[in-house]
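Written below as structure tokens is the structure these notes are about.
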Amino acid sequence: SQTIHQWPATLVQPVGSPLSLECTVEGTSNPNLYWYRQAAGRGLQLLFYSVGIGQISSEVPQNLSASRPQDRQFILSSKKLLLSDSGFYLCAWSIGTGEETQYFGPGTRLLVL
Amino acid sequence: AQKVTQAQTEISVVEKEDVTLDCVYETRDTTYYLFWYKQPPSGELVFLIRRNSFDEQNEISGRYSWNFQKSTSSFNFTITASQVVDSAVYFCALSEAPGANSKLTFGKGITLSVRP
């Protein structure tokens, strides 16, 4: 069966510091991968998605970036965090052949101070 | 552009009551998919159901049931005999582009509190 992992689970970072969040999927090949952000008390916003290694599409302009160095690894990064980057970050995957259901990881809670 | 509206923001019920969570969607496509996810306090989104636009048959899974009506662009979710463990945020979502680039549009979520 497929599983999705995210780490760290929680993170407290000062403004201006770098960020690296990691997501890995097991049990499937060539998945579509997604990064979402959920601000406190709000819905989910799609940040990035990837249909293959090195292929990243950005949904919203921001100071975040994403990379997919391996088939089942998706990384969310920032060179300098802003206060507004605080939130709950969720990674998701779907089968990349027409299956639209997305399955989510446990998430990372990020607090920027 | 696609849009999902969950007009109810918070619902509070007493255990064993039935509760219906509303979802209204907008899309120009004839082929699309609708979803419900549950987000318990732990934060992880749990997939509950997927429905495609060609299948309006209602579905029942234990205490959960879903009513899909294309005529009113609604995909409502009913929990029968609610339990405390049903307390969570529930999201309705729409995928308009089946295939490799499918993206989900989420509603803002409904916070359900079930009191003992």
ask   = Do you know which residues across segment A:74-97 are part of a loop (DSSP other than H, G, I, E, B), under 19 Å from A:SER1 (Cα atoms) and either open to solvent by 30 Å² or more (accessible area, probe 1.4 Å) or more than 10 Å from chain B (Cβ to nearest Cβ) (or both)?
value = A:ILE95, A:THR97
key: Among residues of segment B:25-38, those that are open to solvent by less than 70 Å² (accessible area, probe 1.4 Å), out of contact with any Asp or Glu (no Cβ under 8 Å at 6 or more places or on another chain) and of a type in the set (Val, Ile, Thr), counted   = 1
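Could you name every one of the strands (runs of 3 or more DSSP E) located completely within segment B:47-116 that has at least 1 residues being of a type in the set (D, E, K, R) and either within 14 Å of chain A (Cβ to nearest Cβ) or without any contact (Cβ under 8 Å) to a residue 24 or more places away in the chain (or both)? Working first, answer last.
Numbers: elements: B:59-61, B:64-69, B:74-79, B:88-95, B:104-106, B:110-115.
It comes to B:59-61.
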task = Only residues in segment A:68-85 that are within 15 Å of A:SER57 (Cα to Cα) count as the first member; pair them with residues that are among the charged types (D, E, K, R) and part of a strand (DSSP E or B), Cβ under 6 angstrom, at least 6 apart or cross-chain, and list the lot.
result = A:PHE74/A:ARG68; A:ILE75/A:GLU22
inquiry  = Return the pair list, or none, for Cβ contacts closer than 9 Å from residues in segment B:13-31 that are at positive phi to residues that are in a loop (DSSP other than H, G, I, E, B), at least 6 apart or on different chains.
reply    = B:LYS16/B:ALA81; B:LYS16/B:SER82; B:LYS16/B:GLN83
key: Residue check, B:SER71 more than 29 Å from A:ILE4 (Cβ to Cβ), open to solvent by 60 Å² or more (accessible area, probe 1.4 Å) and more than 12 Å from the chain's Cα centre (by Cα)   = yes
note = Among residues of segment A:36-59 being over 19 Å from A:PRO106 (Cβ atoms), under 12 Å from the mean Cα position of the chain (by Cα) and away from every other protein chain (no Cβ under 11 Å), the residue surrounded by the most Cβ atoms within 10 Å (Cβ to Cβ) is A:ILE56
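I need the full set of residues from segment B:45-56 which are open to solvent by 70 Å² or more (accessible area, probe 1.4 Å) and either over 25 Å from A:ILE4 (Cβ atoms) or in contact with a Gly (Cβ under 7 Å, 6 or more places away or on another chain) (or both), in order please.
Step one: list which residues in segment B:45-56 are open to solvent by 70 Å² or more (accessible area, probe 1.4 Å), which gives B:50, B:54, B:56.
Within segment B:45-56, B:PHE54, B:GLU56 qualify.
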query = Of the residues that make up segment B:84-103, is at least one surrounded by fewer than 17 Cβ atoms within 10 Å (Cβ to Cβ), in contact with a helix residue (DSSP H, G or I) (Cβ under 8 Å, 6 or more places away or on another chain) and not aliphatic (A, V, I, L, M)?
reply = no
request  = Give segment A:2-27 a look and list any residue that's more than 12 Å from the chain's Cα centre (by Cα), open to solvent by less than 70 Å² (accessible area, probe 1.4 Å) and within 14 Å of another protein chain (Cβ to nearest Cβ), or say none.
outcome  = A:THR3, A:ALA9, A:LEU11
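The values are calculated or read from the model by the stated rules, or taken from the named source; none is laboratory data. Owing to the predicted nature of the structure, the values given are computational and were not obtained by experimental measurement. Methodologically, a virtual Cβ is constructed for each residue, glycine included, from the backbone with ideal geometry; neighbour enumeration extends over all protein chains shown. Heads up: the accessible areas ignore ligands, DNA and RNA and are worked out on the full protein's heavy atoms, side chains in. Shrake-Rupley method; radii C 1.70, N 1.55, O 1.52, S 1.80 Å.
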